[in-house]
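Reviewing the structure listed below.
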Amino acid sequence: MTSTDKDLLHTQETPAPDIHQTDEERKNPFFEPFDTPHGTYPFDKIRLEDFEPAFIEGIRRDKEQIDKTINNPSKPTFDNTIICKDDDPVYYGLLDRVSTVFFNLLSAETTDELDALAQKIEPLLTQHHNDVMLNERLFDRIRQVHLHHRRLTPEEKRLLDNTYEGFTRCGALLDEEGKARLRQLNEESSMLSLQFSQNLRKERKAFTLHLTDEADLAGLPERVREAAAQEAKDEGKDGWVFTLDAPSIGPFMKYSTRRDLREQLYMASSTVCTHDNTENNIEICKRIVNVQRERAQLLGYKSLADFVLRRRMASNVRNVYRLLDQLIDAYKPTALKEISEVERLAQKKEGRQYQFEPWDLAHYSYELQMQKYNIDSEMLRPYFELSKVTEGIFGLANRLYGITFRENKDIPVYHPDVKAYEVFDKDGSYLAVFYADFHPRKGKQGGAWMTNFQGQYINSKGENVRPHVSVVMNLTKPTDSQPSLLSLGEVETFLHEFGHSLHGMFANTRFESMSGTSVWWDFVELPSQFMENYAVEKEFLRTFAFHYQTGEPLPDELIDRILKSRNFQVAYGCLRQVSFCLLDMAYYTMREEFSGDLIEFEHKAWAKAVLLPQKPNTCMTTQFSHIMAGGYASGYYSYKWAEVLEADAFSVFKKRGIFDRETAQRFRDCILSRGGTEHPMTLYKQFRGSEPTIDALLRRNGIRRPHKKK
């Protein structure tokens, strides 16, 4: 790829979905085979009015297929009950197709109309899911197959076990009263999660810090000022606009010498969805916690955590807390020293009476980092132009696995920002479609994620249906005078999500429900966090880090400073993540109804890992999408669990060469291609030869293993 980031916004000629036009004579594209490259979604033809009839018809067809299964007069078998899919994927796959597009757009490119439709559609989908999972005749056939079946392959056996357990975990064994209550809880839960997400997006996007006095920009580099001016221009305003999107608030908190404005931005960010308005999430969060607890207890578990961890590598609550306690013991002494060092610097500059506050951390950490290592992300940005970073990451995948990427402008996309690529395997065969959606906009949720538009599986004809994967991020936007220039942290984010996409693209299993990222959630972050290691590897940086104006490579001296500063405040960063894990576990290990003060509960729950003063009224819970609406409830520890795995795995590459093809092929064959076909630890041991330990992570972070307590 050679286009500049300014071109990035304009080279895709396919228009975004027009969800406003109407035409009585046109056909609903969801009802037809997709006449597009690789059967990709025809985003240029999809309109708002297409969704509701497609959902309704998709549900009807789903029920028709289930009726065919339960009315089959033949004895229940694996083939006629567990995998009894019709050969017409266009007909019976309608609900999956429309759901995939709808909910991906709801996160990446929503509108008020789409949000309103989601409120209407969500109850229908929840009711249908309940009807399927609580269908006694269907479950009876599944149970019979589970008890009496032919000899199965390991993958077939795992699918059968997953199917049976999936039904039992959705209430199939409950009595009628229990099933009725479970239906109510499921319906309420789905609406609560939807409302939480919509409130969060609206409140975050509604806030802006609009500055008109240049004196308010004190300390900000020219690039940050220009980006804020571009934001103001885009909103039809004079001056400069800062938002709560990471590429905007992050640099402001780091560079601004205006402490009052840093405080204003910090408090705005830390009180999202706590205000007295329609976007307040406090009662929604409390109800989400209680619904999740009651649902788990209805199914026979003491708490949601006990329910969730039944299907996680950690296995139980005790093991999660063991990991978190290990991390606190190992990292907290160093983390306290790190924060103390920043405070001393602030007081040295501002006076002994200076009261250090959370909105001071980023700014004085930056000054400390400059003193110690003379390194700053603004020095690096000119070498991390987005198009070159993309080339570098694609090149890394080629060097490791032999795959190549080729942009295809004939593949429709849902927004002009999005680029679509065909991916080819090392033998030249077609492997996948890859979508890249880079920048913030009003209709997009914050954060970064990978998703599927089509999963991989082998169909009834024996054809390997290849996946369509998408990476959605909120990276620094281009301006009128500069392309998108990334921070090192944004490069790491790109690598992280790209690691997820490799997990999806390399999928090579028989059943879609076990392909790609369809693995236990404390294993799914291994491929993504593994890729982050390359961000500070000199051999990798030398392949793409060239100055966007001069073409000069990133100087060795700067790379050396990056490496020396790699573990700057690493212990504080670890404790911050652990604090989120503690908060998650505190909510979802509850066995009694939660009726207390949400903010007070939060401040107590994570206290032993929080090192900065907790300000009144600040709240993470009301914007903690991962555990309130993102499926990570009782599972946020997965990031730290997977960090242990990926540090251990990358140590193998460090020994044999970070681009070693043989090691990479084994990683692909044992982990990336296998999905959820075996227990995650089995897959990991097939790659590594042994179970992981925390030692590689501690060594990488320069942390000594703590002495065992007597």
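Okay, here's what the table says:
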{"quantity": "Subset of region 222-242 that is touching a Phe, Trp or Tyr at 6+ places or on another chain (Cβ under 8 Å) and open to solvent by 30 Å² or more (accessible area, probe 1.4 Å) - its residue that is nearest to Ala629 (Cα to Cα)", "calculated": "Glu231"}
{"quantity": "Qualifying residue in region 23-34 (condition: in contact with a Gly (Cβ under 8 Å, 6 or more places away or on another chain) and open to solvent by 70 Å² or more (accessible area, probe 1.4 Å))", "calculated": "yes"}
{"quantity": "Residue count for region 129-163, restricted to those that are closer than 16 Å to Thr69 by Cβ and open to solvent by 40 Å² or more (accessible area, probe 1.4 Å)", "calculated": "8"}
{"quantity": "Subset of region 255-273 (residues that are more than 24 Å from the chain's Cα centre (by Cα) and open to solvent by less than 40 Å² (accessible area, probe 1.4 Å))", "calculated": "Tyr255, Ser256, Leu261, Arg262, Leu265"}
{"quantity": "Residues of region 527-546 satisfying the condition of being among the aromatic types (Phe, Trp, Tyr) and either open to solvent by 60 Å² or more (accessible area, probe 1.4 Å) or not in a helix (DSSP H, G or I) (or both)", "calculated": "Phe544, Phe546"}
{"quantity": "Helices (runs of 4 or more DSSP H) lying entirely in region 547-656 (those with 3 or more residues that are free of Cβ contacts under 8 Å to residues at least 60 places away in the same chain and within 19 Å of Val289 (Cβ to Cβ))", "calculated": "570-588, 598-605"}
{"quantity": "Strands (runs of 3 or more DSSP E) completely within region 343-462 that count 1 or more residues being open to solvent by less than 30 Å² (accessible area, probe 1.4 Å) and charged (D, E, K, R)", "calculated": "419-424, 430-437"}
{"quantity": "Matching entry among Ser518, Ser513 (being open to solvent by 10 Å² or more (accessible area, probe 1.4 Å), touching a Leu at 6+ places or on another chain (Cβ under 8 Å) and small (Gly, Ala, Ser))", "calculated": "Ser513"}
{"quantity": "Matching residues, region 454-481, being within 20 Å of Pro416 (Cα to Cα), modelled with pLDDT of 95 or more and polar (S, T, N, Q)", "calculated": "Ser470, Asn474, Thr476"}
{"quantity": "Condition met for Glu109 (under 23 Å from Phe453 (Cβ atoms), surrounded by fewer than 17 Cβ atoms within 10 Å (Cβ to Cβ) and not aromatic (Phe, Trp, Tyr))", "calculated": "no"}
{"quantity": "Only listed residue being open to solvent by 40 Å² or more (accessible area, probe 1.4 Å), assigned to a helix (DSSP H, G or I), of a type in the set (S, T, N, Q) and out of contact with any strand residue (DSSP E or B) (no Cβ under 6 Å at 6 or more places or on another chain), chosen from Gln65, Gln119", "calculated": "Gln119"}
{"quantity": "Candidates Arg352, Arg312 - the one that is more than 27 Å from Leu563 (Cα to Cα) and touching a residue at least 12 places away in the same chain (Cβ under 8 Å)", "calculated": "Arg312"}
{"quantity": "Residue satisfying all of: in region 641-682; open to solvent by less than 10 Å² (accessible area, probe 1.4 Å) and closer than 30 Å to Asp245 by Cα; nearest to the chain's Cα centre (by Cα) among these", "calculated": "Ala642"}
{"quantity": "Which numbered condition Val491 fails, given (1) under 27 Å from Gln529 (Cβ atoms); (2) among the β-branched types (Val, Ile, Thr); (3) outside any helix (DSSP H, G or I)", "calculated": "(3)"}
{"quantity": "Region 188-221, residues that are touching a Pro at 6+ places or on another chain (Cβ under 9 Å), open to solvent by 20 Å² or more (accessible area, probe 1.4 Å) and not in a helix (DSSP H, G or I)", "calculated": "Pro221"}
{"quantity": "Every residue from region 164-187 that is open to solvent by less than 60 Å² (accessible area, probe 1.4 Å) and under 18 Å from Gln119 (Cβ atoms)", "calculated": "Asn186"}
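Residues are listed down the side, and each one gets a yes or a no for (1) within 17 Å of Ser270 (Cβ to Cβ); (2) crowded, with 22+ Cβ neighbours inside 10 Å:
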site: Leu583; (1), (2): yes, yes
site: Thr589; (1), (2): no, no
site: Asp597; (1), (2): yes, no
site: Glu600; (1), (2): yes, no
site: Leu612; (1), (2): yes, no
site: Met620; (1), (2): yes, no
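Each row is one residue, and each column tells you yes or no for (1) under 27 Å from Arg158 (Cβ atoms); (2) open to solvent by less than 60 Å² (accessible area, probe 1.4 Å); (3) among the acidic types (Asp, Glu); (4) modelled with pLDDT of 95 or more.
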site: Leu48; (1), (2), (3), (4): no, yes, no, yes
site: Glu52; (1), (2), (3), (4): no, yes, yes, yes
site: Gly58; (1), (2), (3), (4): no, yes, no, yes
site: Asp79; (1), (2), (3), (4): yes, no, yes, no
site: Pro89; (1), (2), (3), (4): yes, no, no, no
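The values are calculated or read from the model by the stated rules, or taken from the named source; none is laboratory data. Everything numeric in this text was worked out from a predicted model, so none of it was measured. Note that we place each Cβ from the backbone using ideal geometry, even for glycine, and neighbour counts take in every protein chain shown. Accessible surface is based on the protein model in full, side chains and every heavy atom, while ligands, DNA and RNA are left aside. Shrake-Rupley method; radii C 1.70, N 1.55, O 1.52, S 1.80 Å.
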